[in-house]
Amino acid sequence: MNIEITVPDNKKGDYKIETFEVSESEAKLYNIRASVRGGRYILPGVYKRLMRGDTVMMSNTPSEIQDHLQFISKARGNVLINGLGFGMALKAVLNKPEVTSVTIVEVSPDIIDLVGPSYNKDPRVQIINADCFEYKPPRGSRYQAVWHDIWDYICGDNVEEMDKLMRKYRSRTEWQGCWCRKECLRQNKGGFLNE
């Protein structure tokens with residue numbers, strides 16, 4: 001699956017969206033290192049990434065798209081996504097006619113300013129500037145799928161926050177998941193198993 005990101009390259013505050021290219025030789029070198037360190041692989045190609053300073057927050061590389069496929073397949077009806085990024089998961093679910101509304105909760109107004117204009121023309125999209133741990137969905141709100149994608153790195157330390165969000169939405173959704181939860185649990189060897 002390919003998810004083409006049409007958000008224009010731009011910068012706002014500490015955040016930047018940029019197009020980058022991975023050559024065949026760069027991919028080979030990267031993949032050799034990944035095989036030694038147990039990392040993720042990349043294919044040659046042209047991609048987009050969201051940066052905060054020097055940190056790559058997300059990209060639309062095949063491995064990152066793979067991380068979102070379970071959520072994309074489950075999305076239908078009313079959907080909630082914690083974390084906008086550059087809208088990769090949002091774009092994928094908006095391509096599904098069975099998705100009737102998408103609520104995005106994003107803490108950074110700069111990310112909303114960079115990315116929101118590319119998606120907020122769709123009447124199904126509502127972007128809310130709030131911290132997902134503090135945000136209170138409207139009384140009686142129910143979602144068919146909830147996706148939590150607020151972490152920059154795959155790390156066992158994320159499990160505590162993942163558990164908190166999973167508990168928060170457990171009674172409000174038919175299905176929920178967190179970006180790279182299984183990998184984080186492997187690193188942490190524990191956590192809330194409700195997937």
Problem set entry | Distance in nm between pseudo-label sites at residue 96 and residue 139 (7 Å out along the Cβ direction from Cα) | 3.0 nm
For this session: Return the single residue from 73, 25, 171 with maximal mean-square fluctuation; model: Gaussian network over the chain, springs between Cα atoms under 10 Å.
Result: 25
Problem set entry | Helix-only [θ]222 nm of the chain, DSSP H runs n ≥ 4, -39500 (n - 2.57) each, per residue, nearest 500 | -9000 deg cm²/dmol
Problem set entry | Residues of segment 44-72 with amide N under 18 Å of a point placed 7 Å along Cα→Cβ from residue 187 | 52, 54-59, 63-68
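What is the order of 18, 4, fewest Cβ neighbours within 10 Å to most? Present the calculation step by step, with values, prior to reporting the outcome.
On the way: 18 14, 4 10.
Ordered by Cβ neighbours within 10 Å, fewest first: 4, 18.
Checking the a/c ratio against 1.5 first, then a/b against b/c, what shape does the Cα gyration tensor give for segment 66-188? Walk me through the intermediate numbers first.
Numbers: a/c = 1.43, a/b = 1.31, b/c = 1.08.
Rounded is the answer for segment 66-188, as its axis ratio a/c remains below 1.5.
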Problem set entry | Of 142, 40, 52, the one that fluctuates the most in a GNM where the chain has Cα springs shorter than 10 Å | 40
Exercise. Where Lys and Arg each count +1 and Asp and Glu each count -1, what net charge lies around residue 113 among other residues with Cβ under 13 Å from its Cβ?
Worked result: 0
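Give, as a single signed number, the net charge of other residues whose beta carbon lies under 9 Å from the beta carbon of residue 57, with Lys and Arg counted +1 and Asp and Glu -1.
+1
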For this session: Post the alpha-carbon centroid distance, segment 114-190 to segment 1-77, in whole angstrom.
Result: 19 Å
Exercise. Extension gain residue 66-residue 129, at 0.36 nm per residue separation less the Cα-Cα distance, in nm?
Worked result: 20.0 nm
For this session: Obtain the nm distance between the two label points defined at residue 32 and residue 20 by a simple spin-label model: each point lies 7 Å from its Cα along the Cα-to-C-beta direction.
Result: 2.0 nm
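Give 12/96; 74/121; 121/182; 28/164 a once-over and call out the pairs whose C-alpha atoms are over 32 Å from each other. Don't skip to the end; give the middle numbers.
Values: 12/96 30 Å; 74/121 24 Å; 121/182 34 Å; 28/164 39 Å.
As for pairs spanning more than 32 Å Cα to Cα, those are 121/182; 28/164.
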Seminar exercise, completed: Largest fluctuation, 45, 83, 116 only, Gaussian network model of the chain with Cα springs under 10 angstrom, belongs to 45
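Computed from the coordinates by the stated procedures, all read-outs in this text should not be read as laboratory data. No experiment lies behind these values; they were computed from the predicted model shown. Cβ coordinates were reconstructed from backbone atoms using ideal geometry, including for glycine residues, and neighbour counts include every protein chain displayed.
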